[in-house]
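Everything below concerns the one structure shown next.
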């Protein structure tokens, strides 16, 4: 058995200062197998990937590649022996073309012959149903297309094992289907695939086998198609964590936030302009905005938080115009915001939780005539930590020392405890462990029940369907209609995410339509 | 094989151990240097560090040189904590000295307690405005403040030279480029009789403590800190970036201006071209050596004041070039920046990599 496996990991141990990231991990991937690697953040998946890709060296244990014990010296060595990796955050140069980007990772002899390389790119991409024009600049490509560049790059290097780190988190449901077709074809041709994901349903659809990790150890393995989603989730989180929240129906009240013809031309060449956004949020409802990242979500968040000011009359909360107000004034008007970036926007990495409490909660009597009331701030920080079960050494721990889930609970707690009238949360559970995600969802529902309006911007469709009363999608800076969740099918939502929705005055552009169909 | 490895947590010990280590290495290098110059290293070191402080007069002189250094450093601390790399304390100092002199000379006939505050105020405003130029260039045109402040230093120096060669030159001064002597009402009171030490040192100590309080107790200090550590978090929280940058520059410029004013109305008593031996630049070292903390910059300013005195002493006693001062200051900064790496990293001894196949013996 061991001799036929493409990759076998035996007793991999990797110790980091203060954390045993991998603790005796065994993993076997057969040729042509699509193998899922599951686990919450901090379970040790990334470390294991880095071991396979040669980025870090294990302290103990052996990597057996095609039956031979191998010490992977580094990523270049890994590529040479046939391991390809597609990172969650793509490593592409936006100012170069597809072919140039691919050439960069090839030996000079192959990279020089541009025409031959372009022909190969065309051949490989059409063969696997991933249409790509080698001469286009990466900056003009959609996220899905960029991912194809990464995959094609691995294929051209003739990878025998392809590692994909959460590849579907950036795709629309339709794009996911295309990706899966490609992966199945690759698998049929004998290429092994190691597929890292949080999305259990996808794993059931795609993967032949799954290995589940928790706390650096393998806690189980299964054939995903033979067990239920809940069974897999249970292996991931252990026995004592609730798996999901049940949202109760809401009682929406009066219109709280109204957005009228909000347009923002972007100054960033790679940003997205907001195009005449219209929406209304009522008190006591959760409204979801789906969409693939980079379609204006960040711009919308900035426009609502006040980091980017708008023209007068575009935005009003409770009837009061806040278009021109800055973040501080909007916070005073009852707007709370949870940005996508936890470290480096929602919280200052090098500062303690106490200081990070003061960051946005200063309006809650924590400052008196310019002097910081330290005792009050500490009290407030301790209150957040306790109410939202933030696991940290103390309130003096730095934000950077917290895990993603705990920091996010802290940030949500900090905002929620300010009793906002409007809560805008962007990707609140992205990269967060299941336990924290449940706590965050509960906090949002609690806010809604207290009469706040909640705007949830997310890529996680399960999350949106679970929590939202109404939802729509954002594509290229345009917002689809917001309709009750129960009336919106996933197919329809997928089309909206690709830009196929009616918009007064503007027809969907041709390229976007073909996108969705492709 | 030695390699640097990132620490999981920054070392608190090295935070303060680094300046001490840097000082030791500087002294060690100094010994080698003196030896190479053919001087008795220990004697030279004694002249540099000990002899200047052998009597009251020496201590008073130390305080005298500390005052401008500490004033400039206190202001720079505000900037550097906000990650604004204002290198312009020298120019702000010079402008402070220049306009304080203008005020003092214009008021040479006046007497009364109000003259001195006006003179110092003129220096503060001049220094602050000079810094504000760089602030506007940064916030309005996104000019890098390192470049603008350095260039403004040269402009300030040339304005000073123009003033002492032209409009402010003492007509009775035999053509020397210097102003008239100030009258008594424009002079800072002495702190210890019989020495040149003046109350400028008290301003400096007060400024250092005030800056410490600013950052530990006040909300505006917190905002400056946030802006320094994480501009996007500051924008997210709604802390006005422009307002904070201006404030940091104005405080730094005002304090450097006060330092310049205190020099001309303190020990020098007139405006001369060599009003600063580079206090504004040396103050940069003070801030980093003092870890941007009140107590730290007070101690560091004393140490660097000593390098000025030690350099002069060596020049007199052992006939060495005056450049020794700059050399020691440079060494100190160099070693400090090097040692600071150990706050975030630690040395690890590693066995040579390849052959040892991992896990095979297990």
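Full extension of the chain between residue B:199 and residue B:162 gives 10.4 nm of extra length, using 0.36 nm per residue less the Cα-Cα distance.
Of the Cα atoms belonging to region A:107-260, the radius of gyration and Dmax stand at 20.5, 67 Å. Against chain B, whose longest principal axis comes from its Cα atoms, helix B:145-165 is set at around 30 degrees. Cα-based values for chain A, radius of gyration first and Dmax second, are 23.9, 73 Å.
The alpha-carbon positions of region A:5-237 define a convex hull whose volume is 119 Å³ per residue. Per residue, the convex hull spanned by the alpha carbons of region B:1-136 comes to 230 Å³.
For peptide A:366-372, the mean count of partner chain Cβ atoms within 10 Å of a residue's Cβ comes to 4.
Each of B:72, B:339, B:143 has some number of other Cβ atoms within 10 Å of its Cβ, and from fewest to most they run B:143, B:339, B:72. Dividing the radius of gyration of the alpha carbons in region A:42-96 by their Kirkwood radius gives 1.03 for Rg/Rh.
For the pair residue A:112 and residue B:232, a Förster radius of 45 Å applied to the C-beta separation gives a FRET efficiency near 0.60, rounded to the nearest 0.05. Protection proxy ranking of B:49-55, A:165-171, by the mean of other Cβ atoms within 10 Å over each peptide's residues and highest first, is A:165-171, B:49-55. Across region B:65-169 the C-alpha pair distances fall into 5 Å bins from zero in the proportions 2, 13, 19, 22, 18, 13, 8, 3, 1, 0 percent. Net length available on complete extension from residue A:119 to residue A:280 is 52.9 nm, with 0.36 nm assigned per residue and the Cα-Cα distance removed. Of all DSSP-defined beta bridges confined to the protein assembly as shown, some 60% are antiparallel rather than parallel.
Among beta bridges from DSSP that stay inside chain A, the antiparallel ones total about 55%. For region A:73-186, the normalised intensity computed at q = 0.11, 0.21, 0.24 Å⁻¹ comes to -0.32, -1.26, -1.64 (log10 of I(q)/I(0), Debye sum over alpha carbons, equal scatterers, no solvent). In this calculation the C-beta distance from residue B:55 to residue A:462 is compared with R0 = 56 Å, giving a FRET efficiency of 0.10.
The listed peptides A:293-300, A:416-423, B:165-172, ordered by packing as a protection proxy, come out as A:293-300, A:416-423, B:165-172 (highest mean of other Cβ atoms within 10 Å first).
Relative to the longest principal axis of the Cα atoms of chain A, the long axis of helix A:374-387 lies at roughly 60 degrees. Helix A:434-449 and the long axis of chain A differ in direction by around 20°, with both axes built from C-alpha atoms. Computed from label points 7 Å out along Cα-Cβ, the spacing between residue A:248 and residue A:396 is 4.2 nm. For chain B, the Kirkwood estimate of hydrodynamic radius, built from reciprocal distances between every pair of different alpha carbons, is 21.9 Å. When you count the other C-beta atoms within 10 angstrom of each residue and take the mean per peptide, A:210-218, B:291-299 line up highest first as A:210-218, B:291-299. Shielding value for A:65-71 is 2, the average number of Cβ atoms from other chains within 10 Å of each residue's Cβ. Per residue of peptide B:226-233, the mean number of Cβ atoms on other chains within 10 Å of the residue Cβ is 6.
Among A:480, B:101, a tally of other beta-carbon atoms within 10 Å of each Cβ gives an order, fewest to most, of A:480, B:101.
Ellipticity at 222 nm from helices only: DSSP H runs of n ≥ 4 in chain B, each -39500 (n - 2.57), divided by the residue count, give -23000 deg cm²/dmol. If you wrap region A:405-487 in the convex hull of its Cα atoms and look at it from every side, the mean projected area works out to 5.7 nm².
From Cα pairs below 8 angstrom and at least 6 apart in sequence, can you work out the relative contact order of chain A, rounded to a whole percent? 14 percent.
At q = 0.05, 0.08 Å⁻¹, what log₁₀ I(q)/I(0) does the protein assembly as shown have when each alpha carbon counts as one equal point scatterer in the Debye sum? At q = 0.05, 0.08 Å⁻¹ the computed log10 ratios are -0.39, -0.89. Both the radius of gyration and Dmax for region B:224-345 are 18.1, 59 Å, in that order, over alpha-carbon atoms. The residue A:260 and residue A:332 beta-carbon pair, evaluated with R₀ = 25 Å, returns a calculated FRET efficiency of approximately 0.70.
Listed by Cβ neighbour count within 10 Å, with the fewest neighbours leading, A:264, A:383, A:35 appear as A:383, A:264, A:35. Give the percent of DSSP beta bridges with both residues in region A:5-237 that are antiparallel, rounded to the nearest 5. Given both bridge residues lie in region A:5-237, the antiparallel proportion sits at roughly 55 percent. Direction-averaged projected area, Cα convex hull, region B:130-256: 11.1 nm², rounded to one decimal.
Residues of region A:67-93 with an amide N closer than 12 Å to a point placed 7 Å from the Cα of residue A:31 along the Cα-to-Cβ direction: A:67.
Read-outs: derived from the displayed coordinates by stated rules, not from any lab. This is a predicted model, so every value here is computed, not measured. Virtual Cβ from ideal backbone geometry, glycine too; neighbours counted across all protein chains shown.
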